[in-house]
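The values are calculated or read from the model by the stated rules, or taken from the named source; none is laboratory data. Small disclaimer: the values here were computed from a predicted structure and weren't measured. Don't worry about glycine lacking a Cβ; one is built from the backbone with ideal geometry, like all the others, and counts go over all protein chains shown.
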Amino acid sequence: MRAPAALAVLLALLLTSLALAQNPAPISVVSAAGRRALPATLVNGQEYVSLDDVALFLPLSLREDRQGGLIVTVRGKTIVAPRDRPLVSVDGRVVSLPGPVTRAGTRWLAPIDFLPRALGPVAEQRIEYRRASRLLVLGTVRVPRVTTRLESSGATARVTVEIAPPAGVMTVTDTDRVVVRIDADALDVAPVAGAAAAVAQVRVDQPASLTVLLAPASGEAKTTTSTADTMTRVIIEIAPAGQAPDTSSAAPPQPAAPAPALVLAPAAGGVRTVVIDPGHGGEDAGVKGPGGTLEKQVTLDLAKRLKSVLEARLGVHVVLTRDDDRAVTLDERTATANNAKGHVFVSLHMNGSPAPARTGPAVFFMRLDREGEDTRREAGAQALALPVLGGGTRIIETIRWDLAQARHIEDSQRLAALLAGAFQGRGGAPAPVHPAPLRVLAGLDMPAALFEMGYLTNAEQEKGLATEDVRSLWVQAVYDAVSQFATGPAPAPVPAAPAARERR
Amino acid sequence: MKRTMLFGLAGFTALALLGWGVNVGLQYLGRTSSPDVPVAPTPPPAPTARITATLFYGAPDGLSLAPVRVDVPLAEGAVAQGRQIVRALLQPPPAPYLAVIPRGTTLKALYLTTGGDAFVDLSAEVSTNHPGGTQAELLTVYAIVNAMTTNLQGVQRVQLLIDGREADTVAGHVDVRRPLERDPSLVRQDPPPAVQ
């Protein structure tokens, strides 16, 4: 009995492997809603997708006509696919396809080109298929083309990453890797060209990062980033072990102080959601530097960088209170943070002073007035214990909705102190910490601080903002503070826990 | 004929002498009669009563408020005196202090409550002309709050209104929805110099 059973298992494995060999890898669909897989099937050597699967993310309906063909309706317009003919009529225009739309059981299959060629013109949104990277791009998402080239020159290796069209880039250098984070929704990555002994692997990480893993014996890596009209270029110079990389050939020159390297941190304890608040936006530009730099632009750029770093390194979910240049009221920011049930809130700002020479960071946390102190004292006293079905009690804690921060003052002060201390040893003095009655913090039901990263009214500080080093320093400072906060002592218990919070 | 001419000449001379005498006499009378004519005396300029108030300007370090003793007009009652203090504060500061209240800001109204709260209604320029930044906004708000609570007895808290309405913030940071208490932590602790 054993021999037939083994034969059956082998046969099943063989059939499975044949089936896998016949079906190509799924196509990645990238849209504003995120990324999803679209299964593909090979029919007569052509890649086909099921239109029933497509209907899950595009609004189309399918109907068989009397001749056995298919009628697809999209936003009131029709696509007629005649039976066994490699063409379709799209709203009256004939479009050729590499194969006919065909039926397989109860499912309708169409060549992948059907999507950009036939659905694209009637779907009222961009539908683009990137064949090399197997990406189907829908709508206005950003999917730059990324090409990577490896070269060796003597003992030095160079990795050139080109991103077109240009995109914001942040590089994170570690002892065994360089991570290039690209401000995009997905990457259209071409195969790596060339080879270099100092590079063990070039890996693409979701959603938009490229990780260059260094070979064990390789030395220090140094990165330079430049942006032209058509592309952003990142050059990574890898020196032999024990030598500093020669970056003289890779413009632009590096400043005297090297960019700080991010250090891996342990997982983030009880902190699962971090809210980053890029200050100002839209018509509210915030502080304007003497050279024209706007606070709203700086805070948004740094917030996006922080999101990438915190999510990748700390494994936390990061919510931004705005992710583009639009006006968001202070109440909306508070609501976004509270609705996301954030565990930490950091508001990013650039400072202003009537003294143009004033420089340096400063950190603020909420200061309560008499009313706030009363609210804080009463928060615990007013907790109600209500009986629940099945026995036991449920604690209903009440607190004024616009003074929710009153419950978190000690933790907010600790967060502020960590932010202030993060500059120590990184070329800056510890930042002063001030309690102040700040509007955006008042209603936050989580530890929160407002970080003024520097004075935009200072011309030198404004110039420094344009450099990667300074921006990396600030990102590093916030990252360090949040990771220390997350892995440090647990936040002080709120007056009644576990609590079903109810605001009045 | 000759005699007639002599009489005429003598008569003319006598008339001329009479006229001169009358003129001199009248001039003499004019000088000596002044005590009898009432003449209104020119009053000397009335001295405006002033008090010395402590105002708060931006310190040269750009981080803090400097208390400066300034003479401001004395006014009748706490509300009028409060107006004088705020108006003085809205003037450009003396060197080397820095202006922390945006240019063009005017005082529209001022109210006091019996509970010790003051409401200072400023024109929209305090917001629209503000350069921004948490530090600068703190200095703006507390220059007014500290001046009112320091100089007006009984005023313990100050709420800023903008164009007659309650506001969330002046420039996006400091919560001015409720009356604020004095913040001595923003004040530089040097002794306040006197400025005339």
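Within the range B:120-134, residues that are more than 14 Å from every other protein chain (Cβ to nearest Cβ) reach partners that are part of a helix (DSSP H, G or I) and of a type in the set (Gly, Ala, Ser) with beta carbons closer than 8 Å, at six or more positions or on different chains, in the pairs B:VAL120/B:GLY82.
In the range A:48-94, how many residues are within 17 Å of A:PRO111 (Cα to Cα) and more than 38 Å from the chain's Cα centre (by Cα)? Number of matching residues: 14. Filtering the range A:448-486 down to residues that are under 22 Å from the mean Cα position of the chain (by Cα) and of a type in the set (Phe, Trp, Tyr), which residue is surrounded by the most Cβ atoms within 10 Å (Cβ to Cβ)? Within the range A:448-486, the match that is surrounded by the most Cβ atoms within 10 Å (Cβ to Cβ) is A:PHE451. Restricted to the range B:138-153, and to residues there that are over 22 Å from A:ALA362 (Cβ atoms) and touching a Ser or Thr at 6+ places or on another chain (Cβ under 9 Å), the residue that is surrounded by the fewest Cβ atoms within 10 Å (Cβ to Cβ) is B:THR150.
Specify the residue that is farthest from the other protein chains (Cβ to nearest Cβ); the eligible residues are those in the range A:304-332 that are in contact with a Lys or Arg (Cβ under 8 Å, 6 or more places away or on another chain) and in contact (Cβ under 8 Å) with a residue 60 or more places away in the chain. Within the range A:304-332, the match that is farthest from the other protein chains (Cβ to nearest Cβ) is A:ALA312.
(1) buried (at least 20 other Cβ atoms within 10 Å of the Cβ); (2) more than 12 Å from chain A (Cβ to nearest Cβ): which one isn't true of B:TYR111, the others all being true? Only one criterion in (1) buried (at least 20 other Cβ atoms within 10 Å of the Cβ); (2) more than 12 Å from chain A (Cβ to nearest Cβ) is unmet by B:TYR111, namely (1). Taken as a whole, the condition of being of a type outside the set (A, V, I, L, M) and buried (at least 21 other Cβ atoms within 10 Å of the Cβ) applies to A:GLY443.
Residue by residue, here is whether (1) in a loop (DSSP other than H, G, I, E, B); (2) within 20 Å of A:VAL178 (Cα to Cα); (3) at pLDDT 95 or above holds:
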position	(1), (2), (3)
A:GLN254	yes, yes, no
A:ALA259	yes, yes, no
A:VAL263	yes, yes, no
A:PRO266	yes, yes, no
A:GLY269	yes, no, no
A:VAL275	no, no, yes
A:GLY291	yes, no, no
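Each residue in the range A:183-198 was checked for being out of contact with any Lys or Arg (no Cβ under 9 Å at 6 or more places or on another chain) and either over 13 Å from A:ALA239 (Cα atoms) or free of Cβ contacts under 8 Å to residues at least 24 places away in the same chain (or both), and 2 pass.
Selection of the range B:135-175 for residues being within 10 Å of chain A (Cβ to nearest Cβ) and assigned to a helix (DSSP H, G or I) yields B:GLN135, B:ALA136, B:GLU137, B:LEU138, B:LEU139, B:THR140, B:VAL141, B:TYR142. Considering A:ALA416, A:ALA422, A:ALA429, the condition of being of a type outside the set (Val, Ile, Thr), modelled with pLDDT of 90 or more and under 21 Å from A:TYR455 (Cβ atoms) is satisfied by A:ALA416 alone.
Within this structure, A:ALA448 fails the test of being aliphatic (A, V, I, L, M), touching a strand residue (DSSP E or B) at 6+ places or on another chain (Cβ under 8 Å) and more than 14 Å from every other protein chain (Cβ to nearest Cβ). Screening the range B:81-104 for residues that are away from chain A (no Cβ under 14 Å) and not in a helix (DSSP H, G or I) and picking the one that is nearest to A:ALA355 (Cα to Cα) gives B:PRO94. What do you reckon, is B:GLY62 within 14 Å of chain A (Cβ to nearest Cβ), surrounded by 13 or more Cβ atoms within 10 Å (Cβ to Cβ), touching a Lys or Arg at 6+ places or on another chain (Cβ under 7 Å) and farther than 30 Å from A:ALA449 by Cα? Answer is no for this residue. Residue count for the range A:202-220 satisfying the condition of being farther than 18 Å from A:GLU311 by Cβ and at pLDDT 85 or above: 4.
Starting from residues that are outside any loop (DSSP other than H, G, I, E, B) and more than 9 Å from every other protein chain (Cβ to nearest Cβ), keep the ones in the range A:348-365 and report whichever is surrounded by the fewest Cβ atoms within 10 Å (Cβ to Cβ). Of everything passing the filter in the range A:348-365, A:LEU348 is surrounded by the fewest Cβ atoms within 10 Å (Cβ to Cβ). Residues being among the basic types (Lys, Arg), at negative phi and in contact with a Leu (Cβ under 8 Å, 6 or more places away or on another chain) are represented in the range B:105-112 by at least one member.
The condition of being among the charged types (D, E, K, R) and in a loop (DSSP other than H, G, I, E, B) holds for only one of A:ARG63, A:ARG85, that being A:ARG85.
Screening the range A:162-239 for strands (runs of 3 or more DSSP E) wholly inside it with 1 or more residues that are hydroxyl-bearing (Ser, Thr, Tyr) and within 23 Å of the chain's Cα centre (by Cα) returns the ranges A:169-173, A:209-214, A:218-227.
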